[in-house]
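This report refers to the structure that appears directly beneath it.
Values quoted throughout were computed directly from the atomic coordinates according to the rules given, and no laboratory measurement underlies them. All of these numbers come straight from a predicted model, not from anything done at the bench. When we count neighbours, we look across all protein chains shown, and the Cβ atoms used for this are built from the backbone with ideal geometry, even at glycine.
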Amino acid sequence: MNRQIHLNINGEEKSVYIRNADTLLTALREQLGLTGAKPGCENGDCGACTVIIEGMPQKSCIMLAVEGIGKQITTIEGLNNTPIQQAFLEKWAFQCGYCTSGFIMNCHALMEKHPDAEDVVVENWLQSNICRCTSYQEIKEAIHSVLSKNS
Amino acid sequence: MIPYNFDYEKPSSFSEAISIYEKWEVDGKNPIYYCGGTEIITMARMDQIQTKGVIDIKGMPECLDFGWEKDQLVIGAAIPLAKLEEEKAFPLLSRVCNRIADHTSRCKITIGGNITGKINYREAVLPLLVADATCVIASKTGMKQIPIHDVFDGKVQIQPPEFLLQVRVERKMTTLPYLSEKRTKIDRIGYPVVSLAAIHAEDGIRIAFSGLCTDPFRSLSVEEELNNRSQSLESKVQSAIEKISVPILDDHHASSAYRKFILSNLLVDIIKEFDEVSE
């Protein structure tokens, strides 16, 4: 049986009808049309569905939509011309693009929390996402270009 | 997609949670307590776990506690591993948490969920075993504090409707020299072939293992051999391995012989490093 809940997504209160068993990923994509978060493994492994909850990256496939009640949820649609988005373009940090929104959300949360992150922190955070096209070097360059501007 | 639906409640007190559990059990809903939920969601998606009632325990203040209470570090069951990793209040726990899953997943996985989950490795329990932590259990009669060694025997032995609210660690245990090592089959992120956590306490080396056998464990007889000053380094390591009383795993991650080989080398390294610290 579906129920109505309210979620704060990208700064707006949204009303969604969900099952308690629905993941946040399902609610975002199928109820709200926010398809930037991608279904990849749907098992918490690949990071393609990463969103930001209360400033921290979360894989929306391993979070129930009902857990999002009262939280500030940010999806890729909520980012607008951020430094890391620009850097991804400038460094060609993508090929097929399927993993890109997940990578950007993780990178954006990292930059917000650790604007002067050292390599060990970058690697620790970025191991959460997988790029099947192996754009890792370009993604690393994109991150470092933003970090160097921050410093 | 989870192929079935369930009722969901997020009570604000543990007594309310227990009441819901008991009611739903009578109603035949096979209720489960839900903390980080990563394991429950992935198992439910594959229909490996069935429930008609999910009780989210992240709404109760005791589960969200994190900080010092006199000389005890209080860690609520709903504290994510990423927070424990970053705060470094208990450095050994921080280090062990850093090697569980990946960072984004650790933002969701909680210490309570990791310890009480179905997955065998439960690596977050290792520092708690060597530190003689205390578990705070929610029960119908209130909160009760029980030594972890009386609660954890490979798996957490808590019978619902009771559930884990907190773990507590004495301050002195958090300041001791420590070491932690993890070896996986291939990559940095993965299930452990061998994972161990050790501290050097007044009574010698204390050490706990995961990935080596079916369940995590700490063995006093293994520690006794490692702390036997009458034996050579190689002899005490060999004796310690012989004292492991449960079968060493032999699976697709590693053979039993390879696990013993890795373990032997790690134990030699750990004894040497602790000897350097104590000199």
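Over the Cα atoms of segment B:7-58, Rg to Rh with Kirkwood Rh, two decimal places?
On the way: Rg = 10.8 Å, Rh = 11.1 Å.
Over the Cα atoms of segment B:7-58, Rg/Rh equals 0.97.
I need the semi-axes of the equivalent ellipsoid of chain B: take the C-alpha gyration tensor, multiply each eigenvalue by 5, square-root it, list largest first in whole angstrom.
Working: eigenvalues 233, 90, 51 Å².
Taking √(5λ) for each eigenvalue gives 34, 21, 16 Å, largest first.
For n ≥ 4 DSSP H runs only, could you compute -39500 (n - 2.57) per run for chain B, divide by its residues and tell me the 222 nm figure to the nearest 500?
On the way: 13 runs with 104 residues, N = 279.
It lands at -10000 deg cm²/dmol.
Let me check I have the definition right: for segment B:62-171, take the eigenvalues of the Cα gyration tensor, multiply each by 5, take square roots. What are those semi-axes in whole Å, largest first? Before the final figure, lay out each step's value.
Working: eigenvalues 79, 50, 33 Å².
Those come to 20, 16, 13 Å.
Only helices at least 30 Å long along their axis, Cα-based, and averaging 0.5 or more on Kyte-Doolittle count here, so list those DSSP H runs from chain A.
Helices meeting the criterion: none.
Between segment A:99-151 and segment B:200-266, what is the separation of their alpha carbon centroids in Å?
Between the Cα centre of segment A:99-151 and that of segment B:200-266, the gap is 38 Å.
Give, in nm to one decimal, the length gained when the segment between A:GLU30 and A:GLU12 is fully stretched (0.36 nm per residue of separation minus the Cα-Cα distance). Could the numbers behind the result be given before it?
Numbers: separation 18, 0.36 × 18 = 6.48 nm, distance 1.74 nm.
Full extension of this stretch gives 4.7 nm more.
Between the DSSP loop rule and a limit of at most 11 other Cβ atoms within 10 Å, which GluC sites (Glu not before Pro) in segment B:167-239 are left? Intermediate results must be reported in sequence, preceding the final value.
Details: sites: B:GLU170, B:GLU181, B:GLU202, B:GLU223, B:GLU224, B:GLU225, B:GLU234; in loops: B:GLU202.
Here the sparse-neighbourhood loop sites are B:GLU202.
Modelling each spin label as a point 7 Å along the Cα-to-Cβ direction, I'd like the B:THR175/B:ILE146 distance in nm, to one decimal.
So the two model labels end up 3.1 nm from each other.
Name the residues whose placed amide hydrogens come within less than 5 Å of the amide hydrogen of B:TYR8, ignoring near sequence neighbours (fewer than 5 apart) on the same chain.
Those qualifying (amide H under 5 Å, at least 5 residues apart or on another chain) are B:VAL54.
Check which residues have an amide H placed less than 5 Å from B:LEU212's amide H, if you skip close sequence neighbours.
Amide H neighbours of B:LEU212: B:SER195.
FRET efficiency for A:ASP116 and B:LYS70, Cβ-Cβ distance as r, R0 = 35 Å, nearest 0.05?
Working: r = 35 Å, r/R0 = 1.01.
E between A:ASP116 and B:LYS70, to the nearest 0.05, is 0.50.
Distance between the C-alpha centers of segment B:79-128 and segment B:30-52? Whole Å please.
Distance between centres, Cα-based: 19 Å.
Using a 10 Å cut-off around each Cβ, can you sort B:HIS252, B:HIS103 from fewest to most neighbouring Cβ atoms?
Values: B:HIS252 6, B:HIS103 26.
Lowest count first: B:HIS252, B:HIS103.
Would you give the gap between the C-alpha center of segment B:10-29 and the C-alpha center of segment A:1-49, rounded to a whole Å?
Segment B:10-29 and segment A:1-49 have Cα centres spaced 27 Å from each other.
With a/c under 1.5 counting as rounded, go ahead and sort chain A into rounded, prolate or oblate using the C-alpha gyration tensor (a ≥ b ≥ c being the square roots of the eigenvalues; past the cut-off, prolate if a/b is larger than b/c, else oblate). Before the final figure, lay out each step's value.
On the way: a/c = 2.17, a/b = 1.78, b/c = 1.22.
Taking the square roots of the gyration eigenvalues as a ≥ b ≥ c, chain A is prolate.
What FRET efficiency would be calculated for the residue pair A:GLN95, B:LYS185, taking the C-beta separation as r and a Förster radius of 35 Å, to the nearest 0.05? Each step should come with its number before you reach the end.
Details: r = 28 Å, r/R0 = 0.80.
Efficiency, from the Cβ-Cβ distance: 0.80.
7 Å from Cα along Cα→Cβ at both B:PHE261 and B:GLN157: what's the point-to-point distance in nm?
Computed distance between label sites B:PHE261 and B:GLN157 equals 3.7 nm.
Going by how many other Cβ atoms sit within 10 Å of their own, how do B:ARG229, B:ARG122, B:ARG45 line up, fewest first? Walk me through the numbers before you get to the answer.
On the way: B:ARG229 6, B:ARG122 21, B:ARG45 18.
So the ranking, lowest neighbour count to highest, is B:ARG229, B:ARG45, B:ARG122.
What is the fewest-to-most order of A:ASP22, B:ASP47 by other Cβ atoms lying within 10 Å of their Cβ? Write out the running numbers ahead of the final one.
Details: A:ASP22 21, B:ASP47 10.
Fewest to most other Cβ atoms nearby, the residues stand as B:ASP47, A:ASP22.
What does the convex hull of the Cα atoms of segment B:179-268 come to per residue, in Å³, rounded to a whole number? All intermediate terms of the calculation are to be shown ahead of the outcome.
On the way: hull volume 7.8 nm³, N = 90.
Each residue corresponds to 86 Å³ of Cα convex hull volume.
Kindly provide the Kirkwood hydrodynamic radius of the protein assembly as shown in Å, to one decimal, from all pairs of distinct alpha carbon atoms.
Working: mean 1/r = 0.0437 Å⁻¹.
When all Cα pairs of the protein assembly as shown are included, the Kirkwood radius is 22.9 Å.
Could you give the nm distance between label points at A:SER148 and B:ASP251, where each point is 7 Å from its Cα heading toward the beta carbon?
4.5
As a quick test, which of the pairs B:LYS172/B:LYS243; A:LYS113/A:LYS149; A:LYS140/B:LYS182; B:LYS88/B:LYS185 have an alpha carbon distance above 19 angstrom in this structure?
B:LYS172/B:LYS243; A:LYS140/B:LYS182; B:LYS88/B:LYS185
Once you average over the residues of B:93-106, how many Cβ atoms of partner chains fall within 10 Å of each Cβ? Before the final figure, lay out each step's value.
Values: counts 0, 0, 0, 0, 0, 1, 0, 0, 4, 12, 14, 18, 8, 3.
Across B:93-106, the average partner-chain Cβ count within 10 Å equals 4.
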